[in-house]
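Notes to accompany the following structure.
Only the coordinates and a few stated rules stand behind these numbers; no lab work does. What you see is a predicted model, and the numbers here were worked out from it, not measured in a lab. Heads up, the Cβs are rebuilt from the backbone with ideal geometry, glycines too, and the neighbour counts pull from every protein chain shown.
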Amino acid sequence: MALFLVQHGKSLPKEVDADRPLSEEGKETVARIAGVAADYNVFVSMIKHSGKMRAKQTADIMASFLKPAKGVQETSGLDPMDDVAAVAEELTGEEDEMLVGHLPFMERIVSYMITGSIETTVFKFQNGGIVCLDRDQDTGSWYIKWALMPEIR
């Protein structure tokens, strides 16, 4: 089963809004990426997000396209500086779930899942992009299956 990791869409600067909700560009980008994922029949059983507004908004937009059977849920442990090892231990790969969070957490969890360390960057996220990890059935190790990013340059 797959694990989908998403960095929230572009948000407003804190000088404009302290809660940093998604900007219009951020909303449009997330909707575009979610629409492409839906067109590819990406299945997600549940979407979990941090408690920050921009992550919740991103998760809600993704859910409007991907229709997760178990819905959208706020989850602790997905904030920018949270411990990736603690979250990784809970990921079994038995269900197709999506985590929506922030940098540097998202890049660190990919590195940790692939290499066992957060020190080497394995993948560079873009706001609103999706990285799909899957687990090898024979070895149990995680690998990057595909990525869908807003910018290809």
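Here are a few things to note about the model shown:
- A full extension of the chain between Arg32 and Glu119 corresponds to an added length of 28.2 nm, given 0.36 nm per residue minus the alpha carbon distance.
- Under 17 Å of direct C-alpha separation, and excluding same-chain neighbours fewer than eight residues apart, Lys67 reaches these aspartates and glutamates: Asp39, Glu95, Asp96, Glu97.
- The chain: angle of helix 53-66 to the longest principal axis, Cα-based, in degrees nearest 10: 70
- Karplus-derived 3J(HN,Hα), 6.51/-1.76/1.60, for each residue of the range 14-28, Hz, glycine and proline x: 5, 5, 8, 8, 4, 7, 6, x, 5, 6, 4, 4, x, 4, 5
- Other-chain or far-sequence residues with amide H under 5 Å of Leu99's (modelled H): Phe4, Leu5, Val6, Lys48
- Residues Met106, Met98, Met1 arranged by fewest to most Cβ contacts within 10 Å: Met1, Met106, Met98
- For Ser11, distant residues with modelled amide H under 5 Å away: Ser23
- Couplings 3J(HN,Hα) of the range 98-109, computed from phi: 10, 10, 10, x, 9, 8, x, 3, 4, 5, 5, 5 Hz, in residue order, whole Hz [Karplus 6.51 cos²θ - 1.76 cosθ + 1.60, θ = phi - 60°; x for Gly and Pro].
- At q = 0.11, 0.17 Å⁻¹, base-10 log of I(q)/I(0) for the chain (Debye sum, equal scatterers on each alpha carbon): -0.37, -0.93
- Taken along the Cα-to-beta-carbon direction at a fixed 7 Å, the label points for Glu15 and Leu103 span 1.9 nm.
- Residues considered: Ile47, Ile130, Ile114. Largest GNM mean-square fluctuation over the chain, using C-alpha springs under 10 Å, is found at Ile114.
- Additional length obtainable on full extension of the chain from Ile144 to Glu95, 0.36 nm per residue less Cα span: 16.0 nm
- Considering only Ala37, Ala55, Ala63, the Gaussian network model of the chain with Cα springs below 10 Å gives its largest mean-square fluctuation to Ala37.
- Percent of beta bridges antiparallel (DSSP, the chain, rounded to nearest 5): 50
- Label-point separation, Ile152 to Met81 (7 Å along Cα→Cβ), nm: 3.8
- For the chain, the mean residue ellipticity at 222 nm estimated from helices alone is -9500 deg cm²/dmol, where every DSSP H run of n ≥ 4 contributes -39500 (n - 2.57) and the total is divided by all residues, rounded to the nearest 500.
- Once backbone amide H atoms are built at 1.01 Å from N, Trp146 has Cys132 as its partners under 5 Å, excluding neighbours fewer than 5 places away on the same chain.
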